[in-house]
1. State whether the residues of the range B:324-338 include one that is closer than 28 Å to B:THR193 by Cα and either modelled with pLDDT under 90 or among the β-branched types (Val, Ile, Thr) (or both).
2. Within the range A:131-154, can you find the residues that are in contact (Cβ under 8 Å) with a residue 40 or more places away in the chain, over 30 Å from A:ILE327 (Cα atoms) and of a type in the set (D, E, K, R)?
3. Take A:LEU346 and decide whether it is part of a loop (DSSP other than H, G, I, E, B) and over 15 Å from A:SER428 (Cα atoms).
4. Please indicate, with yes or no, whether at least one residue in the range A:101-111 is under 22 Å from the mean Cα position of the chain (by Cα) and touching a residue at least 24 places away in the same chain (Cβ under 8 Å).
5. Applying the selection to the range A:14-44, what residues are part of a loop (DSSP other than H, G, I, E, B) and in contact with a Leu (Cβ under 7 Å, 6 or more places away or on another chain)?
6. Among the candidates B:ALA338, B:ALA320, B:ALA314, single out the residue that is aliphatic (A, V, I, L, M), crowded, with 24+ Cβ neighbours inside 10 Å, within 14 Å of another protein chain (Cβ to nearest Cβ) and touching a Ser or Thr at 6+ places or on another chain (Cβ under 8 Å).
7. State the number of residues belonging to the range A:219-257 that are part of a strand (DSSP E or B), under 26 Å from B:ILE375 (Cβ atoms) and away from chain B (no Cβ under 14 Å).
8. Among the listed residues A:ARG373, A:ARG350, which satisfies the condition of being crowded, with 20+ Cβ neighbours inside 10 Å, in contact with a Ser or Thr (Cβ under 7 Å, 6 or more places away or on another chain), within 22 Å of B:THR315 (Cβ to Cβ) and within 7 Å of chain B (Cβ to nearest Cβ)?
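The values are calculated or read from the model by the stated rules, or taken from the named source; none is laboratory data. These numbers were taken from a predicted model, which means no experiment stands behind them. Don't worry about glycine lacking a Cβ; one is built from the backbone with ideal geometry, like all the others, and counts go over all protein chains shown.
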Amino acid sequence: MSKTFTLSKGLDIRLKGEAEKVLREVTALHYAVKPTDLTGVFPRLLVKEGDAVLAGTPLFQDKHHENICFPSPVSGTVAEIKRGDKRALLEIRIEPDGKNGQINFGASDPSKLTKAEITDKLLKSGLWSLIRQRPYGIIANPEHTPKAIHISAFDTAPLAPDLDFVVNGKGDLFQTGLDALAKLTGGKLHLNIGSTTSAKEFLNSRNVEINTFKGAHPAGNVGIQIHHLDPINKGDVVWFAGVQDIITIGHLFKEGVYNPEIIVALAGSSVIKTGYYKTRRGACIYKMVEGNVRDGNQRYISGNVLTGKQIRHDSFIGYYDSLITAIPEGNYHEFLGWALPGLNKLSFSRSFFTWMMPGKKYEADTNLHGGERAFVMTGQFEKVFPMNIYPMQLIKAAIAEDIERMEKLGIYEVEPEDLALCEFIDTSKTEIQTIIRNGLELVRKEMS
Amino acid sequence: MKALRNYLDRIKPQFEKGGRFEKLQSTFDAFETFLFVPDKTTHAGSHIRDAIDLKRTMSMVILAMVPALLFGIWNTGYQHYLSIGQEPGFGPIVGYGLLKVLPIIVVSYAAGLGVEFIFAQYRGHEVNEGYLVSGMLIPLVMPVDIPLWMVAVASIFAVTIGKETFGGTGMNIFNPALLARAFIFFAYPAKITGDTIWTGGLTKGEGVIDGFSGATPLGNAAAGAMDKIPSMYDLFFGFIPGSIGETSKIAIILGAIILIVTGIGSWRIILAGLLGGISMTLIFNAFAVNDYMTLSPLTQIMMGSFLFGMVFMATDPVTAAQTNRGKWIYGFLAGFFAIMIRVFNPAYPEGTMLAILLMNAFAPLIDHYVVEANISKRLKRAVTAVKS
C-alpha cells in the first residue's frame, strides 16, 4: 500500500552551482576513514602505520561494540594515523597500491539467509557501520531488532545529488541490499520516494513499502519521514541507511567483497565544472577540485551547506556523504548591509525584496549576516519544521539540559539535520544543530 | 567606504580589552556593526545563513511605524492650530508638529539607549537592537504635551526594571513601551489623563478658542457624550486628538501590512485581537444598558489606541505568546479585555494598554498549556504503541 504525504512546511534553498548530470571517473591519491564522522563511536585502532591492508580490512573498531568495525576502502598501506587534541583519532590514511586487493567474505543470496547470518556477514565485512539508528543518529546496535527500517530515496537539501541519477543501472544491487535489510527488522522496510522520483530502480523495488513524500526540504530527511509514517516513542529504535550504502551492502551479498565504489556530486557556486564523480568511499577530494574551483577564499564542505562538515581542499569525503560543496567564504564587512534593499540576498523572511523573485538562484557565502542575539522572534522555526514538535521549546530544553523536558517535547524524533533550516533562518544566529546534538548526546549518555 | 572601514580597523584595538577605551567596547561594537555587517563567518552547523538579522528585523518594524509617526507629527500641528482657531497651511503645521514630537523621540532614545549601552558593557554583551523599536513606540503612545523629563524617567524605568532586570532584550515579560506608559499613568496620572494634554499647547490654554475641548473620542464616550464622537471619516484618517501615533487608522493599517508581509508581525495576533474586540463589543451590544455599550464594533475599533495596540504592541514577539495556537488565544483575549476595560472603567478611558500588559503576564501560561497539550499527545501515542 503506497501512501502519499504532503508536507506544507519547509524551504527549498535555491543555490547556484547544481551538479551537472555528467559522470566522470576519478582515482584519488589517498583514502582515509575519519572517526570524527561517526557519532558515539570510541575508536580502537586495529592497524598501525606501515601495515598492508586490503579493501575490507578492519582499520578500527568501536570500544563499546567490538564487533562493529570500519573497513579500509582500498588495498595499500596505512600511510598515516592522524591524531588531534588528547590523542583523539582524526584520520587513518591509506595509500593505495593500485592492485585492488579485496577480502572475500563469500557471496550469498540474502533471501536464503537468516537474520543472524546476515548480521554476521555485515559485521565481519565492516559494512554494519553503514546502518544507523534513530534516536541519536548512531550506528545500529546489532543486538536490537528495530521497529522499522527507513530509506529515503530522494534528497531535498540544497545542491544535493539526484539519487535517481546515482542509482541508475544499479537496481539489482539495490534490490539485493534491500533484501538483506528486510530480514533485519520485525517491522516494515520503508522506501520513501519524492513526488518527482522516476527511477525505475526505486519504483520497481520489491520487499519494501513505498511511500511518497511531497514538499520542500526537509521532506527528504529520513527523520521527517519517520515522524509522519511511524513516529519514534521513548524506547523505540528504528534504523535507516542511505541509498548508496544499500548498494554497497548489495555488492557484499552479490560478489562477496567490500566494493566501496560510490558516486559523489561536486556542486556549489565556487565550482567551475560541476558534476558527478565515480570514486571510492573516503577518497581525497583533491583530484576533483584541483583547478576546478575558483580562486580566492573558498569553503569546502563534505555534505550539503546546511549540515555538512568543513574540510580542507586536500581532505576526504565523509563516511556517509556523497556530496562535496564549495562556496565562497564570507569574511568581509558589508557597509550598512542590514539596511540595503537586498536585491541579491538569500532570505526566507520577506524583509528583502528578493522574496518577489521566486525561482532566482543565489550565490550564498558563509557570512553569518549579523551578530548572535537572544531569541527574539517567534513562530519562524515552525514554518520550516514539518513535525508536530515545538522547535523553540525543544531547543530551550536542550540549552537548559533538562532531559525530562527534552523527552517530553520529542527529542527522540529529531536529529540536528532536521532543524538545520531553523538554524539557517534564525534571526538570532543561534547554533541550533550544535545545541540539539549536545542535547541528544546528553540523553543518550543518561539512558545508556 | 574603504576609508571608513580602514579608520574603524585602526581605532578598534583601543576599544578592545586592555585598550584605552575598553569601557566603551560595546558602544564601539554597536556603532561598528551598525555601519558594517560583521565579517564573522559560520563555524558550526549550517554553513550558510539567512541574510536577516535582528537589525534588519527591527528596522522593518520601525519602517512600519513611520506612517503613523509622520501622520502624528502632522496631526500634532493640525490639532494645535485647530485649538487656537488658525489655519496656517502645511508648512507651519508640520513645523509645529516636529517641534513638539522630535524632542520626545530624542529624549526617549537617549534615555533608553543610554541604559542599554551601560548594561551591555556591564554584561559584556553586544548592544541589542530591541530598544530601537521601543524607543520609537514610547513617543507614539505619549500625549503630545507630556513633560520631557517624564519621558526620560519612564524610558529609564522601562528599560531598567522592565527589561534589563530580566536579562535584556528577549527575556522581558512586559512590553517595555507599554510599561513606560503605564509608569507615567500610575506615577503621574494627571499628565496622561484628561482632555487638555492631547493637543499641543492646550495645557497652558493660551489663545484657545471657545468650544474646543480637546477631548479624545474615548473621553467623550466615557463621559456619555456619544454625539460628540467624531465621524467615521475623521476616526479612520485620524483628524482627532489622541496619543501621537494612535490617531490615524489608515497609517496603522499601512504599518500592519508591512509587518504582515515581511512576516515580522504575527498576523494571528492582529487578527485574533480584532476578533476579540469585535466579540466583546457584540456581547455589549446584546446586553447594552448604557449608550457606550451600544456603539458598533467598527466604532470601538476605530476609537483610541485599540488598533495601534493590536498591531504594534500585542505583536511584540518577546512578550506575546510564542506558540501559534497560543497567539490566537493571547490576541483574542487582549482585544476582548481592551474593549471590556475601556467600557467598564470610568477612571481611565483607554483599556488597550492594561489589557495587553495583562495578557503579557498570561502569555507564558497560555504557552504552557499549548505545549502541555502537545506533550500529552506524545505520551498518549507512546502508551497506545505499547498496548498494541
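1. Quick first cut of the range B:324-338, residues closer than 28 Å to B:THR193 by Cα only: B:330-338.
Within this subset, residues satisfying the condition of being either modelled with pLDDT under 90 or among the β-branched types (Val, Ile, Thr) (or both) are none.
The answer is no; no qualifying residue exists.
2. Of everything in the range A:131-154, those that are in contact (Cβ under 8 Å) with a residue 40 or more places away in the chain, over 30 Å from A:ILE327 (Cα atoms) and of a type in the set (D, E, K, R) turn out to be A:ARG134, A:LYS147.
3. yes
4. First, the residues of the range A:101-111 that are under 22 Å from the mean Cα position of the chain (by Cα): none.
Within the range A:101-111, not a single residue is under 22 Å from the mean Cα position of the chain (by Cα) and touching a residue at least 24 places away in the same chain (Cβ under 8 Å).
5. A:GLY17, A:GLU18, A:ALA19, A:LYS34 - these are the residues of the range A:14-44 that are part of a loop (DSSP other than H, G, I, E, B) and in contact with a Leu (Cβ under 7 Å, 6 or more places away or on another chain).
6. B:ALA320
7. Step one: of the range A:219-257, the residues part of a strand (DSSP E or B) are A:238-240.
Subset that is under 26 Å from B:ILE375 (Cβ atoms): A:238, A:240.
Okay, now just the ones that are also away from chain B (no Cβ under 14 Å), so A:240.
So the count comes out to 1.
8. Just one listed residue meets the conditions, A:ARG373.
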